[in-house]
Amino acid sequence: MIRQRTILKPVSMVGIGLHSGAKVEVSFRPAPSDTGIVYTRTDLDPAVTMKCSAENVRDTQLCTALVSESGARISTVEHLTAALSALGIDNLFVDVNAPEIPVMDGSAQPFIYLFSSIGIQDLPSPKKFLRVKRKVRVENEGKWAELTPAESGFHLDLQIDFDHPAMDRDKQHYAVDFTGQTFATDISRARTFCFMRDVEFMHAHNLALGGSLDNAVVLDNNRVINPEGLRYEDEFVKHKMLDAIGDLYMDGHSILGSFKAYKTGHDLNNRLLRALLSDSANYEVITFVQDEKNPESAINFLDAKTIGTAF
């Protein structure tokens, strides 16, 4: 059967908070079956714990942020969550000493390397999947995102629409059948991006204070100013897909269905997941308990044995 997963042993990492600009330490601990992804703000007294869920996403301005009933927040969780999705990790304790997860290099790759390097373990319980049963769609001012049933797996099809000299029109659409391997190879290294014209606004609102050419792709009016250029020719749309994968895994369950979107962002992604979960007629929770190695309608997740071939 396909089992639930967690990491093999505790591990920590240190980096800069994208929005605060402060040094952040985050520690990860194994969690038992059916725990979910549980965050704790260890810098608060008393510490505040909150579960990663669609309902706890209460801020989507320039990131995905979990906010507790008391107002404690943990921002920029989407890149970590995308990595967990690719690795099939659905149970984890996350302890962080700041109001955000460190941005690292602006992609999901550092998290994949970290977890695969210390090991991933299968748990006794079967993994739970959300299989889409009927179409769910959300829209906002010409932007939209939808989930529809699919015969097998998780298919994503996303288009962005930016009018910029450095953004090739032919590189603003991307579609993929999601697996851990394809995520690690083709998507995980895509970095967050921003425009120089927006930096002043963000700084005025205490956002992106930790942003730099080390953790973001930055564009002026004509070009990408990062000396190394892009990691993928279509890095911009791939980062938007990375965000969507993370946002749709906020409930800790892999989706079986088709995701299609146009100019989507954190807000629409979260609204779509909430819409799916709002009516039990939209989905069903299934497991694969038979002794099939790779059931056709499931997803192949990345593990420590295959990570070395992923990059």
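The values are calculated or read from the model by the stated rules, or taken from the named source; none is laboratory data. Being a predicted model, the structure only gives us computed values, none of them experimental. We place every Cβ from the backbone using ideal geometry, glycine too, and count neighbours over all the protein chains shown. In case anyone asks, the SASA skips ligands and DNA or RNA and just uses the protein heavy atoms, side chains included. Shrake-Rupley method; radii C 1.70, N 1.55, O 1.52, S 1.80 Å.
Tabulated data
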| item | result |
| --- | --- |
| Amide proton proximity set for I7, modelled H, under 5 Å, gap of 5+ | A31, Q121 |
| Net charge dipole size for the chain [Lys, Arg +1 and Asp, Glu -1 on Cβ; Debye, nearest 20] | 440 |
| Per residue, in Å², the accessible surface of the chain once ligands and nucleic acids are set aside, probe 1.4 Å | 43 |
| Global form of segment 3-118, assessed from the alpha-carbon gyration tensor, a/c cut-off 1.5 | rounded |
| Of all accessible heavy-atom area on segment 50-119, the percent that carbon and sulfur account for (1.4 Å) | 52 |
| Burial order of peptide ranges 132-141, 221-230 (average beta-carbon count within 10 Å, highest first) | 132-141, 221-230 |
| Per-residue ³J(HN,Hα) for segment 160-166, Karplus 6.51 cos²θ - 1.76 cosθ + 1.60, θ = phi - 60°, Hz, x for Gly and Pro | 10, 8, 10, 9, 8, x, 8 |
| Segment 40-85 - percent relative contact order, Cα under 8 Å, separation 6 or more | 25 |
| Two-site label geometry, S70 and R134: point separation in nm, points 7 Å out along Cα→Cβ | 4.1 |
| Ordering of 43-52, 195-204, 100-109 by packing [mean C-beta count within 10 Å, highest first] | 100-109, 43-52, 195-204 |
| Carbon/sulfur fraction of accessible area - segment 186-269, other protein chains in place, 1.4 Å, % | 46 |
| Cα-centred dipole magnitude for segment 152-213, charges only on beta-carbon of K, R (+1) and D, E (-1), debye, nearest 20 | 220 |
| The chain, helix-only ellipticity at 222 nm - DSSP H runs n ≥ 4, -39,500 (n - 2.57), divided by all residues, nearest 500 | -5000 deg cm²/dmol |
| 5 angstrom amide H check on I37, placed H, neighbours 5+ away | C52, L92 |
| Amide H contacts under 5 Å for L256, placed H, 5+ residues apart | L130, R131, V132 |
| 15 Å beta-carbon shell around S280, net charge (K/R +1, D/E -1) | +2 |
| DSSP bridge orientation in the chain - percent antiparallel, rounded to nearest 5 | 70 |
| Cα-centre dipole for segment 45-149 with unit charges at Cβ (Lys and Arg positive, Asp and Glu negative), debye to 20 | 660 |
| Three-way shape label, the chain, alpha-carbon gyration tensor, a/c 1.5 | rounded |
| Estimated vicinal HN-Hα couplings, Hz - segment 183-196 in sequence order (Karplus 6.51, -1.76, 1.60; Gly, Pro = x) | 4, 5, 7, 10, 10, 4, 8, 5, 9, 4, 9, 8, 10, 3 |
| Hz values of 3J(HN,Hα) by residue in segment 237-242 - Karplus curve (6.51, -1.76, 1.60), Gly and Pro given as x | 5, 5, 5, 4, 5, 4 |
| For segment 158-209: rounded, prolate or oblate by the Cα gyration tensor [a/c cutoff 1.5] | oblate |
| At q = 0.16, 0.17, 0.22 Å⁻¹, base-10 log of I(q)/I(0) for segment 79-147 (Debye sum, equal scatterers on each alpha carbon) | -0.82, -0.88, -1.04 |
